[in-house]
Amino acid sequence: MTDTNINKKEVEERHIQAKGGMGVLFLLLFLMAISIAAVVFGIIFLAEESFVLGGILLGVGILFSCVVGPILFAGLKVLKPNEALVLTLFGQYYGTLTGPGFFYVNPFVTAVNPAAQPAGALQSSSDPGTAALQAAGQAMTSGKKISLKAMTLNNEKQKINDKLGNPIIIGIVVIWRVTNTAKAVFNVDNYKEFLSIQCDSALRNVVRLYPYDISEDGDGVEEKSLRGSSQEIADILKEEIQKKVEIAGLEISEARITHLAYAPEIAAAMLQRQQASAIIDARKLIVEGAVGMVEMALNKLGENDIVTLDEERKAAMVSNLLVVLCGNKDAQPIVNSGSIY
């Protein structure tokens, strides 16, 4: 029942086929000039005591230039590439205006964008005509346009416990864009804040399922980790965020981990652990190589009949070779000039 009610409240996006604004602009400027001329002639007729004609011209001219004209100018909308305007008419969704160009729509519609920043002051211009055109085209839409471009969200770093309970500091960057303007405006209060909160929530849900690094006590099964499986974790994170922001009409193009480290309180201990693990791995490799070299040396000596060694001499030779090959420092040779017995 709850899901059905939510779906009924969702608003489907519809696009407006708006008229070209340039022709309407010239028509409105022409009518504005006529209204100003009517005011002038009305004042002249009143001065000549033609009160009926003068009053009509003066009233019509003032009404159009001061009331009707500014309202009609409000219907002019200018859009750049990858921009959209979500318009409402007396509280009802009117439609979405998309595509670059100069358009004219119903002058009573209102642009809506709850995530918009406060519109800044219009730039002043010394040319009155330019200033009037800027005011006509931007007064009603400044700050209300919705960008359809790919945008980047870089949330603050968070402290989260991984699967093993170790506190880590992690940060992500999300590439996203608006695909459904109606859902973005009407289904959530502020789609940018909604995305930020959902990214934090999805990040916590994903991080708690994986360890920071692969545990050495595993049972041989390959396990994903935040550090070693960054691409797989990024794909999982992207899918998790996409599910959460589908209601807001957003598309997640990419999600990446930009910062990953242990929390300061355990960073020193984990660094020592990593260093010890690296030393052990290096020693294992050295020992494996030394044993192989010793085996090869004994086999070559036996195959070529260079020298015949009993088990005791072989043991002494193996011991000496392992000391030389596995030692931390270079071995100092000792030349025996006498008998080996």
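Just one of the numbered conditions (1) open to solvent by 70 Å² or more (accessible area, probe 1.4 Å); (2) more than 35 Å from the chain's Cα centre (by Cα) is not true of residue 42; which one? So residue 42 meets the others, but not (1).
Determine, yes or no, whether residue 143 is at pLDDT below 80, assigned to a loop (DSSP other than H, G, I, E, B) and farther than 30 Å from residue 102 by Cβ. It is false that residue 143 is at pLDDT below 80, assigned to a loop (DSSP other than H, G, I, E, B) and farther than 30 Å from residue 102 by Cβ.
Selection within segment 154-172: residues that are open to solvent by less than 30 Å² (accessible area, probe 1.4 Å) and part of a strand (DSSP E or B). The member of this set that is nearest to residue 92 (Cα to Cα) is 172.
Within segment 64-73, none of the residues are closer than 30 Å to residue 187 by Cβ, crowded, with 20+ Cβ neighbours inside 10 Å and either in contact (Cβ under 8 Å) with a residue 60 or more places away in the chain or among the charged types (D, E, K, R) (or both). When segment 102-111 is filtered for residues that are touching a residue at least 40 places away in the same chain (Cβ under 8 Å) and open to solvent by 30 Å² or more (accessible area, probe 1.4 Å), the ones remaining, listed by number, are 102, 103, 104.
If only residues of segment 177-235 that are hydrophobic (A, V, I, L, M, F, W, C) and either open to solvent by 70 Å² or more (accessible area, probe 1.4 Å) or assigned to a loop (DSSP other than H, G, I, E, B) (or both) are counted, the one that is modelled with the lowest pLDDT is 221. Against the conditions (1) without any contact (Cβ under 8 Å) to a residue 12 or more places away in the chain; (2) more than 20 Å from residue 144 (Cβ to Cβ); (3) of a type in the set (Gly, Ala, Ser), residue 59 satisfies every one except (1).
For the subset of segment 248-277 comprising residues that are open to solvent by less than 60 Å² (accessible area, probe 1.4 Å) and either in a helix (DSSP H, G or I) or at pLDDT below 75 (or both), which member is farthest from residue 229 (Cα to Cα)? By that ranking, first place goes to 248.
The single residue among 335, 291, 324 that is β-branched (Val, Ile, Thr) and either under 30 Å from residue 164 (Cβ atoms) or at pLDDT 70 or above (or both) turns out to be 291. Close contacts from segment 151-177, counting a first residue that is in contact (Cβ under 8 Å) with a residue 24 or more places away in the chain and on the phi < 0 side of the Ramachandran plot and a second that is basic (Lys, Arg) and open to solvent by less than 30 Å² (accessible area, probe 1.4 Å), with Cβ to Cβ under 8 Å and a gap of 6+ residues or different chains, come to none at all.
The values are calculated or read from the model by the stated rules, or taken from the named source; none is laboratory data. Everything quoted here is computed from the prediction, not taken from an experiment. Cβ sites come from the backbone with ideal geometry, for glycine too, and all protein chains shown count toward neighbours. Just so you know, the surface numbers come from the protein's heavy atoms only, side chains and all, with ligands and any DNA or RNA stripped out. Shrake-Rupley method; radii C 1.70, N 1.55, O 1.52, S 1.80 Å.
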